[in-house]
Amino acid sequence: MNRIPEEDWKVFKEHHLLVHEEFCSSVSSQISRINESDDLSAISKFQSIAELIVSAVKKEEELFLDYRRSTAMLYLLKFVNEGLLSSEKVEEYSQEVKEWLDLRN
């Protein structure tokens with residue numbers, strides 16, 4: 001299956017936005033924890049936050065920035081493999097898509 005079925009594409013668009021938002025929220029929370037740490041100097045905080053941002057931007061590019069119907073199946077598989085999409089969310093897809101995912105996990 002190269003192209004996601006139309007009904008699954010509609011579900012994927014919702015999930016893509018949700019997962020992207022959760023990813024960004026998680027990164028933001030990690031930055032806050034680093035910044036609020038009393039155990040780190042300002043320099044250590046800055047370096048830790050900078051490293052986190054570089055890593056997060058790379059991950060964001062891998063997971064979210066090639067947003068097209070023709071790449072949706074690949075990104076859906078990535079979301080599942082990265083643990084970003086719950087089994088409840090996977091259940092919202094058609095049987096065809098779920099079987100395709102099962103064959104690749």
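If I ask for residues that are free of Cβ contacts under 8 Å to residues at least 40 places away in the same chain and of a type in the set (D, E, K, R), which ones from region 2-49 would you list?
Answer for region 2-49, where residues must be free of Cβ contacts under 8 Å to residues at least 40 places away in the same chain and of a type in the set (D, E, K, R): Glu6, Lys10, Lys13, Glu14, Glu21, Arg33, Glu36, Asp38, Asp39, Lys45.
Does at least one position in region 30-51 carry a residue that is in a helix (DSSP H, G or I), surrounded by 11 or more Cβ atoms within 10 Å (Cβ to Cβ) and within 12 Å of the chain's Cα centre (by Cα)?
No: region 30-51 contains no residue that is in a helix (DSSP H, G or I), surrounded by 11 or more Cβ atoms within 10 Å (Cβ to Cβ) and within 12 Å of the chain's Cα centre (by Cα).
Please go through region 54-63 and give me each residue that is of a type outside the set (Asp, Glu), surrounded by 14 or more Cβ atoms within 10 Å (Cβ to Cβ) and either farther than 30 Å from Met1 by Cα or modelled with pLDDT of 95 or more (or both), ordered by number.
Ala56
Could you tell me whether any residue of region 93-101 is part of a helix (DSSP H, G or I) and small (Gly, Ala, Ser)?
no
Going by the structure shown, is Val57 under 20 Å from Glu99 (Cβ atoms) and either under 14 Å from the mean Cα position of the chain (by Cα) or not small (Gly, Ala, Ser) (or both)?
Values: under 20 Å from Glu99 (Cβ atoms): no; either under 14 Å from the mean Cα position of the chain (by Cα) or not small (Gly, Ala, Ser) (or both): yes.
Against the criterion (under 20 Å from Glu99 (Cβ atoms) and either under 14 Å from the mean Cα position of the chain (by Cα) or not small (Gly, Ala, Ser) (or both)), Val57 does not qualify.
The values are calculated or read from the model by the stated rules, or taken from the named source; none is laboratory data. Just so it is clear, the structure is predicted and the values come from calculations on it, not from any experiment. Cβ: placed from backbone, ideal geometry, glycine included. Neighbour counts: every protein chain shown.
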